Amino acid sequence: MPDHTDHRATGATGATPEPVSSSGPVPSSDPARSPAPEPAPEVDARAAADDADTDGNADPDARAFRTLLRGLRVWEGELPSFAARRAPAEPLPLFRQWLSEAAEAGVPEPHTMSLATADAAGDPSVRIVMLHDADEHGWHFGTHRGSRKGRELAARPRAALAFYWPAVGRQVRVRGTVTAAGPEESAADLHRRSTGALAAALVGRQSEVLGSAEELSRAADAAWERARREPDAPVPSWTLYVLRADEVEFFQGDPHRRQHVRLNYRRAEGGWEKELLWP
């Protein structure tokens, strides 16, 4: 989620502070009507401390990197409104609407998402994957059973998803239980996708240590040839996973950092409950 702090000292809303003369206000011919001094702009004390080079040995790369981070801006244009009170009773229709609107707004690859899993010891992993579908069963994605995420889902079949669409200031978070589809459904999912997706799946060995770039190049060339020759080539390790959500949260950003809207759906007995969250 983007930083919600109102960075007024750095012009987070896109406005540039009025310059203040170092010599103070310009005198008026009428002392009684002389303007009061303009207040100094707010300064982030921590940022100032970071920038201070008291010993002359500050790392210039680190200082430049901090300057870059503080200079980056989000949500400088108009954002859509979100009337949470008019949201549907279930999260799926709203998710489909928001993804469609993100695509219409020109968000690149709006169907990509962060997938967070954890291993048997509880150590987390996160990566970007592609959403294959979202229906009444849940949110669909695919991978090899032997990949890191496949192994972690076998050990702990719980996961979280996050979508972020900056052009509209929106994100969606999904959390729930993950189940693996059977071989036929997994194969059908793979073969509905592109030749490139099949070729990538045929390469296999995902998350294993790679000996050299040349080894990958040879395997990829062979996989592409086979994918073109056999569009229904089997990939037994390829598995479709479906996340059945327990919670789905919709976040609509406010460019002025005042009234972000967070609507959370929680699965309850016989349906969904909706609640607003503090931003």
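The values are calculated or read from the model by the stated rules, or taken from the named source; none is laboratory data. Everything numeric in this text was worked out from a predicted model, so none of it was measured. Cβ coordinates were reconstructed from backbone atoms using ideal geometry, including for glycine residues, and neighbour counts include every protein chain displayed. Note: areas computed on protein heavy atoms with side chains; ligands, DNA, RNA excluded. Shrake-Rupley method; radii C 1.70, N 1.55, O 1.52, S 1.80 Å.
Remark: the A220-S81 segment gains 45.5 nm on full extension, using 0.36 nm per residue and subtracting the alpha carbon distance. Rounded to whole numbers, the Karplus 3J(HN,Hα) couplings from phi for the stretch 263-279 are 10, 10, 9, 10, 5, 10, 4, x, x, 10, 10, 10, 8, 8, 10, 5, x Hz, using 6.51 cos²θ - 1.76 cosθ + 1.60 with θ = phi - 60°, and x at Gly and Pro.
Quick one: length gained pulling L68 to D123 fully straight, 0.36 nm per residue minus the C-alpha distance?
16.7 nm
Annotation: per residue accessible area for the stretch 120-279 equals 56 Å², rounded to a whole number [probe 1.4 Å, protein chains only].
For trypsin sites (Lys or Arg not before Pro), the sites in the stretch 136-207 that DSSP calls loop and that have at most 12 other Cβ atoms within 10 Å are R192. Karplus-based coupling profile of the stretch 145-156, in residue order and whole Hz: 4, x, 5, 4, 5, x, 5, 5, 5, 5, 7, 9, with θ = phi - 60° in 6.51 cos²θ - 1.76 cosθ + 1.60 and x standing for Gly or Pro.
Using the Karplus relation 6.51 cos²θ - 1.76 cosθ + 1.60 with θ = phi - 60°, the per-residue 3J(HN,Hα) values for the stretch 207-213 come to 6, 6, 5, 9, x, 6, 5 Hz, with x marking Gly and Pro.
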